[in-house]
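Enquirer: Take a look at this one; I'll ask things after.
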Amino acid sequence: MTKPLSAEYLAWIAARAEAATAGPWCTDGAEIYQGDEYAWDAFWVGETCRADEADGGLLDAAFIAHARSDVPALLAEVERLRAELAAERALAADATAYSVLLPESGGTEVRVARQSALHGASWSAAIPRRGGGIAWTREGWQEAISALSVDRLFCWPDARTAIEETRRALGGPADEAGESR
């Protein structure tokens, strides 16, 4: 996974896009012009200087010309996705339980639940089954989750860790670092 782009870096990209000749741009080969399609009086933006390539610089020129429209569109998409992610994170912060299917464990359903503030607002993991189920306790997996007290549950500081540790306990596949997933 790549590192998230900083807001400052995205602002620099946006500033460069704003400062460039207005778009859209087009190409008639290795040269790039302002406009939807080439016309004899179109404003010349530049050229790829690769006219000696097998394709006459056409592919590079097309990439550069489309970048004028693509970069602002991608910046808008990054902004939209970041706003969506922030909204989802805010919603998740208020969640008290998750139900997660683990395909690597045969589709096992794991319920991860926030425990009360009395117990440090931590997260427990359980696997529901007909007639009760099992829960991860300080002694390992224990039957009949309905009969367990919160004091016996093993809890993690956050839901993500609870899910990952449950995957590990169920013997899920290892990731590149050799840790279970």
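The values are calculated or read from the model by the stated rules, or taken from the named source; none is laboratory data. The structure presented is a predicted model; accordingly, all values stated were derived computationally and were not measured. As a convention, Cβ positions derive from the backbone with ideal geometry for all residues, glycine included, and neighbour counts pool all protein chains shown.
Enquirer: In this structure, is Ala67 part of a helix (DSSP H, G or I), small (Gly, Ala, Ser), modelled with pLDDT of 90 or more and surrounded by fewer than 16 Cβ atoms within 10 Å (Cβ to Cβ)?
Expert: no
Enquirer: Might you check whether a residue that is among the acidic types (Asp, Glu), at pLDDT 75 or above and in a loop (DSSP other than H, G, I, E, B) occurs anywhere in region 143-166?
Expert: Yes; the residues of region 143-166 include at least one that is among the acidic types (Asp, Glu), at pLDDT 75 or above and in a loop (DSSP other than H, G, I, E, B).
Enquirer: Give me the pairs, please: first residue somewhere in region 103-114 and under 10 Å from Ala162 (Cβ atoms), second residue anywhere and outside any strand (DSSP E or B), beta-carbon distance under 6 Å, and either six or more positions apart or on two chains.
Expert: The qualifying pairs are Val110/Thr166; Val112/Ala159; Val112/Ala162; Val112/Ile163; Arg114/Thr96.
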